[in-house]
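Scroll down for the structure; my scribbles are underneath it.
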Amino acid sequence: MTPLKSSSESKSTTVIGGVTVSAEVHRKALIFSLFDGIFANIMLGLVETFGIAAAVFLKAPAMAIALLGSLPLFLSSLGQLVIPYITNPETGRKRYVLRGTTTQSLFLLCVALSGYLPERIRSWAYVTCFALYGFSGNVISGFWIAWMGDLVPQRVRGRHFAWRNRIFSITQLICVLIAGIISRRYTTNTAHWSLFATIFLAASLARFISSGMIYRQYEPPVAETGNLKRKSSLFDQPRPFLFYCFSAALIQGSVALAGPFFNVWYIRDLHFDYFSLSAVTIATVLGTIVSLPFWGKIADAFGNRTVIMITVFLIATVPLPYIASSKPWHIGILNFYTGVCWSGYNLCNFNYLLAAAGSQRTEKSVSLAVATTGIVNFIFSIIGGALATRLPQLFAYRLHSLFLLSSIMRFIVFGLFIIRYPKYEPETGASLNRFFQIPGYRAGLGLLRNTFRAFRAR
């Protein structure tokens, strides 16, 4: 990283999250970036907790709910394939990031207003606005990651982003808890759209403030860092890497088959109030955060591929206990277990992806993996939406059949694909630190969380 220059550079140094800085412009950039992340996580906490709840309140059909989780990812995947060829990062990345975040704030405003439209169109208007909200934020993530990579030296990225993520995790947990307490008296039958409108307006305001922090943040000139656009073909990849992309996409797709409908089950069938919904969401996040150091140590000792084998098998078992129990405190424990399983998979899948992508054309290899996952997720979500109202009841709930089918699909993918993963050299160094190097991993919620998942996976 080229040292940053400043005419007002101070002789004294400051340590911010493990990064020692002396230039005032550098110090302010890291501080503004921290506040950007805090307000962005307030937005994410509100939207991820109440996004499906709002769709259920609007009586959205099963297909609309399936699209709510998959369409933003699908559009973002296509956008990430195209955007390198229609933008010029050499002229500056801040303007692209700001366009994405401010547009995201505006679409959240549209989401808040969509519930006031005529009943015959409001659910689909809500899904459309929500998909555009997800797309506008995700499609510019590559520019933001490269920008942060220029600000934080590689040797301290693990330390710095671990520090940031702890702050963001606490922010998101507090935000979801407060929102749950405020809405504790409401269920789908007693709520008014004004409750959801207020939540989405608050999320929109948080994103707008986040954009203000980005606007005030210093961006090193791209010419100083040598970040040039690559001209090589996106699809010119070795066969083992293509096999990995397809296999990883299938496990995500088998999850997307039923993933959006767990919250539907909580709210519509189990009649959870919104405080209970917030509580089980928090349990998933806690499971992720608590188990991440454990999986990091296991990965360092036995390799990322081994941990992927273990955690994919565990992920295949995740839907089964939900079929047997519907008590809220049982579901809280199960969600904690879900967070534990996905924490290990997300950690090691990222490190494995870096090893599989190699040192040449890494960005485009990752883009191909992301796009493959988004497209497969979209297809499986459509299938899940079609089956959600057509499968027979299992233990009094039709969605239980969908949960069982998702589990069976995960075991099939595990047996046919995951255990045949190509063997790459194990990663050296601390896997946990490698994982924390992902700037997009804001709150310890998973591999490229803004692209692979609109709502927490089950």
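What follows is calculated from the coordinates using simple rules that are stated; it is not laboratory data. None of these values were measured; they are calculated from a predicted model. Backbone-built Cβ (ideal geometry, glycine too); neighbour counts: all protein chains shown.
See the values below:
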| read-out | value |
| --- | --- |
| Ranked packing of 253-261, 201-209, most packed first, by mean Cβ within 10 Å | 253-261, 201-209 |
| Three-way shape label, region 253-304, alpha-carbon gyration tensor, a/c 1.5 | oblate |
| Listed pairs Lys28/Lys297; Lys59/Lys327; Lys297/Lys423 exceeding 27 Å between Cα atoms | Lys28/Lys297 |
